[in-house]
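K.L.:
If you scroll down you'll find the structure; I have some questions about it.
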Amino acid sequence: MTTTRRKLITAGAAGIILGASGLLVPARAQGLAPTPTMRGGANNYRSGAPIVDRIGGGGFWTTGTVRRAGDGAPLARRRIQIWAHTTEGHERDARSHGATLTDADGVFRIEMPQIVPAFGQPHGHLAYDAEYDDGGFETVFLRPVLASASDTSLTVDFVLRPA
């Protein structure tokens with residue numbers, strides 16, 4: 001049997017829905033565990049980094065989703081801050097920090113300069129900081145390590161616990 005776009009879209013009752021972005025996304029995931037804060041995630045955090053279209057010259061993409069713990073509902077207009085040691089600056093430099101907002105499907109995406117190794121590892125920092133949101137969720141700081149210094153993208157998903 002051939003699967004068509006219509007069959008996939010109508011499969012919503014079976015656990016798949018068409019999101020506002022036009023992408024297929026899983027229906028609410030019951031019992032989805034919250035993302036724990038990672039050790040070192042808050043290193044060089046700068047409170048209140050501005051919401052920007054891009055950090056520096058770009059070339060490296062950081063993307064991900066933000067969902068609610070328990071039911072997995074996408075969380076729109078959540079502020080995610082990103083910073084890293086890049087080809088244009090150290091992670092402690094203000095120019096290496098920026099923030100973005102999630103779309104209607106809880107998806108975020110921001111371009112920044114290439115991440116380079118710091119302390120032997122190419123890694124980024126991301127934060128959902130409850131201080132800048134009225135949504136009643138707990139703050140989460142992440143420090144994901146890239147598989148390789150030549151990677152040109154990083155995907156990070158947040159599952160937020162209600163405060």
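Laboratory data are not the source of any read-out in this text; all were calculated from the coordinates shown. Not measured: the values here are computed from a predicted model. A quick note on method: Cβ atoms are made from the backbone with ideal geometry, for glycine too, and the neighbour counts reach across all protein chains shown.
K.L.:
So who's got an amide H within less than 5 Å of the one on Gly70, skipping anything under 5 residues away but keeping other chains? H placed 1.01 Å off N, in plane.
P.N.:
Residues meeting the criterion, in which the H sits 1.01 Å from N, are Gly31, Leu32, Ala33.
K.L.:
What percent do you get for the relative contact order of region 31-160 when only Cα pairs under 8 Å and 6+ apart count? Show your work: numbers first, answer last.
P.N.:
On the way: 329 pairs, mean separation 45.2, N = 130.
Computed over region 31-160, the figure is 35 percent.
K.L.:
Sort all Cα-Cα distances of region 73-113 into consecutive 5 angstrom bins from zero, then give the percent of pairs in each bin up to the one containing the longest distance.
P.N.:
For region 73-113, the binned pair fractions read 7, 25, 24, 17, 12, 11, 4, 0 percent.
K.L.:
Further question on the same structure: Classify region 20-163 as rounded, prolate or oblate, taking a ≥ b ≥ c as the square roots of the eigenvalues of its Cα gyration tensor: rounded when a/c is under 1.5, otherwise prolate if a/b is larger than b/c and oblate if not.
P.N.:
Values: a/c = 1.69, a/b = 1.56, b/c = 1.09.
It is prolate, given that a/c is not under 1.5 and a/b is the larger ratio.
K.L.:
Using packing as a proxy for protection, rank 81-94, 52-65 so that the peptide with the highest average count of other Cβ atoms within 10 Å comes first.
P.N.:
81-94, 52-65
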